[in-house]
Amino acid sequence: MTDVHTPKQRSRNMASIRGKNTKPERIVRSLLHKLGYRYRLHRRDLPGTPDLVFPAWQRVIFVHGCFWHMHDCRWGRVTPAKNMDFWQNKRKGNCDRDEKALQALKKQGWSSYIVWECDLKDEDRLVAGLHAFLDGDT
């Protein structure tokens, strides 16, 4: 299937995608704040620059987009029809970088939790997972 956008439109769309303060990240932050948790954002001194950092508990949360980080859901398994090698390498590089960051954090004594974009569809399950992680049950 060919792209429905012109190269200029596609370029504009791709340029508007951000790595910080994404909508899924803002939703998770809002939810955690309502639950009474306080956190720091995007600590650059930690491997992988986690989205949410809980220094007192040495816990971090990453909020990942399913497509960009190749989650095992239907959105993460999508492969673009155009420029497939480029996208495969780009997404694989994201996964490799994620794994290195998680290992480095673990070595430094930090616990990590990943919230996938598709997890936002079931708020009760998401809240239960966040509580379990932050309260030390995982």
Open item on the list: If you restrict to DSSP beta bridges whose two residues both lie in the chain, what percentage is antiparallel, to the nearest 5?
Closed with: 45 percent
Open item on the list: Please give me, ordered by residue number, the chymotrypsin sites (Phe, Trp or Tyr not before Pro) of the stretch 36-134 that lie in loop per DSSP and have at most 11 other Cβ atoms within 10 Å.
Closed with: none
Task: Gain on full stretching of the segment that runs from Arg12 to Arg43 - 0.36 nm per residue minus C-alpha separation - done: 8.3 nm
Task: Theoretical FRET efficiency, 1/(1+(r/R0)^6), r = Cβ-Cβ of Ala81 and Val127, R0 41 Å, to 0.05 - done: 0.65
Open item on the list: Below 8 Å between Cα atoms, with a sequence gap of 6+, how large is the relative contact order for the stretch 65-138 in percent?
Closed with: 25 percent
Task: Kirkwood Rh and Cα Rg combined as Rg/Rh, the stretch 18-134 - done: 0.98
Task: Mean residue ellipticity (222 nm) of the chain, computed from DSSP H runs ≥ 4 via -39,500 (n - 2.57), nearest 500 - done: -13500 deg cm²/dmol
TODO: Run the dipole for the chain about the Cα centre, Lys and Arg Cβ at +1, Asp and Glu Cβ at -1, nothing else charged, and hand back the magnitude in debye, nearest 20.
DONE: 640 debye
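The numbers here are math on the coordinates, done by the rules we state, and not lab data. Since the structure is predicted, the reported quantities are computational estimates derived from the model, not experimental observations. Because the Cβ atoms are built from the backbone with ideal geometry, glycine has one as well, and the counts that use them run over all protein chains shown.
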